[in-house]
Amino acid sequence: MPPLAAGRFSPLLFAGVVFVYALAGWLGAQLAVPPSIVSPLFPAAGIGLAAVLLYGNRMGLAVWLGSTLFTLILGGDGNFSGRQWLTPFGIGAGAGLQAWFGAFLVRRYVGFPSALEQPGTILRFLLICGPVSCLVNATWSTPWLVALGSIPMAEAPFTWWTWWIGDAMGSIIATPILIALLSPRPTDWDQRRAGIIIPYLLAGLFMVLALQQASTRETATLRTQFDRDTSIQAQLLRSRFDEQLTILQSVERHLTASPQVSRESFRLFTAPWFERYPGMAVVGWAEWSPRENLPDLAARMRRGDQPEFRVFDHEAGAPPRTSGKTDEYLVVLYAEPASFNARAIGLNLFSITPSTHAIAHTRQTGQPEASAALQLVQDPEKKLSIVVYQGVFQRDASTPPQFRGVVYTAFRLDDTLAAPLFSLPPGVELCLTDRTIATAPQRLAGSPGCESAKTRSVFQYDSPFPFAGRQWEIRFTTGPGYLAGHRSWESWSLLLAALLLLGLLGAFLLITTAHTHRIGMLVDQRTSELRRATARLEANQASLAHAQHIARLGSWVWEADATPGMTWSDELYRLLGLDPHQIEPSLELLASRLVPEERPGWESTLAELRAGRSSATLDTRLLDASGTPLLVHIELEASHQDDVLTRLVGTLQDVTSTREAEAHIHYLAHYDTLTGLPNRSLLRDRVNQALAAAQRQEHPLALLFIDLDRFKKVNDTLGHPIGDRLLTVAAERLRSCIRDEDTMARIGGDEFMLLIPHIDFPARAAVVARKIVDQFAQPFTIDEHELTVTVSIGIAVFPEDGTDFDTLVKHADTAMFSAKEGGRNTFQFFTAEMDVRAYERLLLENQLRRAVERNELALYYQPQIAAGSGRIIGAEALVRWRHPEKGLVPPIQFIPLAEESGLIVDIGNWVLREACRQQVAWRKAGLIIPRIAVNISALQFRRSGFVALVRRALAETGADPNGLELELTESALMEPTDDTERQLANLKDLGLSLSLDDFGTGYSNLAYLKRYPLDQLKIDRSFIRDLPADAEDVAITSATLSLGRSLGLTVVAEGVETPAQRDFVTNIGCHAMQGFLFSPPLPVAEFEAFVAEHRAAAIPAGKTA
């Protein structure tokens, strides 16, 4: 299957097939012999088959759309009506099925894609894509056209024949051309296209000209036959209408000669004409009378044989009525035959509007005048009739002619035209039109719409003529039956022979071009093989030179008997910075480029090769053109004959960059990139080496684990760039405290390790540790920040504390944690008891991880009291751990552990949700706590999605955000950033209050107090503890209160435990307090009881809450 058939769908290609098929179909339809829409040469069929073969079965749908489109365009000129508009869809379906079926046959019995080179394959291909596959659409669409009435049954055989031949010839021409142009294997057709396409196009042009000639000849023959038949019929019709005027004029002369004509004599005079001309409906006499003579006229008629005679008027669409009073009347006295025209006796012709013009005209001119077509009053069938009036005058030589009345004759058009039509050839249709009014022609006879200027007839004969003052036109057109009865099959039979010739031509072209192509391919194959062999040799040489250039590797060959004796590659010249056109290569010249101190080694290697050694390698240095030394690797291979060196092949590669890269990789693998200190990997190697030496020499060594105290707080508050620079400066201080043989390494974060490979006694390690502690007592100045960072050091000694690297590191780490627990800024030697505490700490951490899952955590609430009134204005939610074995674990034991392990995030999220839930529960119970404060750790606040987590907790619990307050630490807010500001704003948008906890205990940056939307400051308990005695605490507390008041913030004092502290913070204007003086943190039930008791105490006697 071709690539596009198996690939993804291409809308552009699909649309292109639709457009090309529709265009080719429309062009092919121009060759159709009207009225047929079937073309005897239809290239679109070949385009459809080629599209499905080349681009897959889905293109059958494109063929259907293209066929439907161009057929709709043809029908847009009025060729379709009613359900005939289904014609394009049926024809399109047949075209699509034909393309699918033809492609199926070609793939099965020919194979595709195929080069069409074998005669049998070519003949099968032409037979399938032409006569066989094209049976589908002709056999499908011809019955479809007959069923919809688009063609008569008589046209079906010719339509099928033309359709089949047209599709077959179009496929035989178009399909091979398109495959040659668009085959997925274009190389099969490159040399054959011109030999196939040009003759095929010429043959197609010849076929088009032959079809045009056949069509023109047959059309001319049919036109001559049609004109001859219709001109005779037109003459017969005009003669029939002229006879109608002759009858009228005979009656007029009779009445002029015999003014007093009786009814009986009138009947006898007109009777023969009714027998001769069956279309005549009436011959009548209407006498003119002024109004004053009308009674006499009526009386005269009643005295005769019409006793009930009366004069009446008639208007179109209204029943007869007694004649009104007018100045004159034209009254019908006689109308034959009487049996048909009795209702017309007494009719005032002046009351018939369509006749007034004709009567007036004949009265004025005395010439016959016809009315427009109308329905006779007396005609029960209401057929369309023409009335012709002839004025009758009393003529006297002495006076002007006096108008007496009119004779008139009426003939029904259908009956009048019936007799001549029996002689019309089958398929010829008549249309009689009154064109007196050019803008509004009136059809008198014929099919509806035949009077229009535009018809769909193949042939048309128009014969205009005057009739009784009006302009009539006779038009003959052809129907489908006419062509079926007169068509000659001779020219179309010749098309079958042309189809055979075209097929033979296609077979000949395909076979001959395939033969020529095979010969050309053999010639090209041999030429190509020779060219490829040459190209491979050149390419190998170029690839070798390119590879040598990339690898910076030059090569050379020295031969004892050759001239010249030595050759160098281009890359070797480039490496040595020499011009190949100006020097003669030699071993001596090569040696002269070596660094002087390396030349003896080179000469020694050559001597070994001359002595019989077959190969050698050498790492040495040489100078490039600029005098820069390069590190090079030389490989040599020698050939000997009779123990004499005859040939020497060598390569010289610049490995300077490689060695530098290896050194850099080694550095990255063994050193810390930030501080330049050895890393853990290099430390392990040196410790293992030192342990081996210590075991041999039986002396101790020490391993110190050094950790910077509170470094994490620096990172959190001042940012990682400050933290990185602090680590760099700390590393310099550590390096200044050790000897050259000692190793100081950074093993991660703020952790360092020091190896002292040889100590006389353990106290020597304590001396170094003390020196380090003292060094870190001095503050660090980093970007205008003065930072005090101490160290905690753990010491493990070989062999007492371990005999391998991992054990010593573990015990030094344990001792370091012990130093931290001992207050930091100190060092500790490892002891066995430390292992126990470390294990307990690990066990506690693991139990804390499961505490949230096991619902072992609980919230305690400490009330917040208004400084002035003593009312409870809120409560702070504080987490407690009810250990199943140890009971209530103090926060000081598990909160630092949770912060170090990251568990503080999960615990903080649980606290937030539980506080929200408790608020809802209290409000449902009627206990209103104005505000519940929840502590948020810095790590929890900085986690992505924190605002979403708060929003979800509020939504799921139904808590009121206006009654919640989030307490944030200084470390979370110290560095003002846009992200932090945006996050706080989003929390405020939720309706929450924001409080800054432990104010003044961190590396203060007051900028955030101005930028952030805070509501409250909390003075840390460390500043309250020594009030009011400590002057510094008094100053700090007063300054904090003043700052908060200036910024519009509420200030809360934490840790109020004595009345003196309460009175002091109240007097300086603090807004609220909390501490053990009022209540310790209480579980839910006790807190509820405390609130109830406190409120009861606040209600005066005799009052109720």
Given the conditions (1) in contact with a Pro (Cβ under 7 Å, 6 or more places away or on another chain); (2) part of a strand (DSSP E or B); (3) at pLDDT below 90, report the number of the one that I759 does not fulfil. (2)
Residue selected from segment 458-501 under the condition touching a strand residue (DSSP E or B) at 6+ places or on another chain (Cβ under 6 Å) and over 18 Å from Q233 (Cα atoms), by the criterion modelled with the lowest pLDDT: V458
Of those in segment 367-386 that are in a strand (DSSP E or B) and not hydroxyl-bearing (S, T, Y), the residue farthest from W472 (Cα to Cα) is Q375
Considering only residues that are under 28 Å from P368 (Cα atoms) and among the charged types (D, E, K, R), which ones fall in segment 205-244? R238, R240, D242, E243
Kindly indicate which of E800, E786, E741 is farther than 28 Å from Y667 by Cα, at pLDDT 85 or above, of a type outside the set (A, V, I, L, M, F, W, C) and outside any helix (DSSP H, G or I). E800
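Here is a yes/no grid of residues against (1) over 30 Å from G427 (Cβ atoms); (2) at pLDDT 80 or above; (3) assigned by TED's automatic domain parsing to the domain that holds L116:
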{"residue": "L205", "(1), (2), (3)": "yes, no, no"}
{"residue": "S231", "(1), (2), (3)": "no, yes, no"}
{"residue": "L245", "(1), (2), (3)": "yes, yes, no"}
{"residue": "L248", "(1), (2), (3)": "yes, yes, no"}
{"residue": "R263", "(1), (2), (3)": "yes, yes, no"}
{"residue": "W273", "(1), (2), (3)": "yes, yes, no"}
Any hit, segment 688-706, residues being touching a residue at least 60 places away in the same chain (Cβ under 8 Å), in contact with a Ser or Thr (Cβ under 7 Å, 6 or more places away or on another chain) and loosely packed, with under 14 Cβ neighbours inside 10 Å: no
Can you work out which of the residues in segment 873-886 that are within 20 Å of D997 (Cα to Cα) and not β-branched (V, I, T) is surrounded by the fewest Cβ atoms within 10 Å (Cβ to Cβ)? R880
Any residue at all in segment 387-408 that's assigned to a strand (DSSP E or B), touching a Ser or Thr at 6+ places or on another chain (Cβ under 6 Å) and acidic (D, E)? no
Answer residue from segment 1036-1060, given it is of a type outside the set (A, V, I, L, M, F, W, C) and in contact with a helix residue (DSSP H, G or I) (Cβ under 6 Å, 6 or more places away or on another chain) and is surrounded by the fewest Cβ atoms within 10 Å (Cβ to Cβ) among those: G1055
A careful count of residues in segment 887-913 that are in contact with a helix residue (DSSP H, G or I) (Cβ under 9 Å, 6 or more places away or on another chain), surrounded by fewer than 21 Cβ atoms within 10 Å (Cβ to Cβ) and not β-branched (V, I, T) gives 10
Pick from segment 763-783, criterion free of Cβ contacts under 8 Å to residues at least 12 places away in the same chain and either in a loop (DSSP other than H, G, I, E, B) or of a type outside the set (S, T, Y) (or both), ranking: farthest from E751 (Cα to Cα): A763
Can you tell me how many residues within segment 109-124 are part of a helix (DSSP H, G or I) and either modelled with pLDDT under 75 or farther than 14 Å from L53 by Cα (or both)? 6
Restricting segment 838-873 to residues that are more than 30 Å from E1093 (Cα to Cα) and in contact with a Ser or Thr (Cβ under 7 Å, 6 or more places away or on another chain), which is modelled with the highest pLDDT? E845
Tell me which residues, restricted to segment 709-738, are surrounded by 22 or more Cβ atoms within 10 Å (Cβ to Cβ) and not in a helix (DSSP H, G or I). none
On the basis of being surrounded by 17 or more Cβ atoms within 10 Å (Cβ to Cβ) and touching a Gly at 6+ places or on another chain (Cβ under 9 Å), does Q233 make the cut? no
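The values are calculated or read from the model by the stated rules, or taken from the named source; none is laboratory data. Computed from a predicted model, the values in this text were never measured in an experiment. Reconstructed Cβ throughout: ideal geometry from the backbone, glycine too, with neighbour counts over all protein chains shown.
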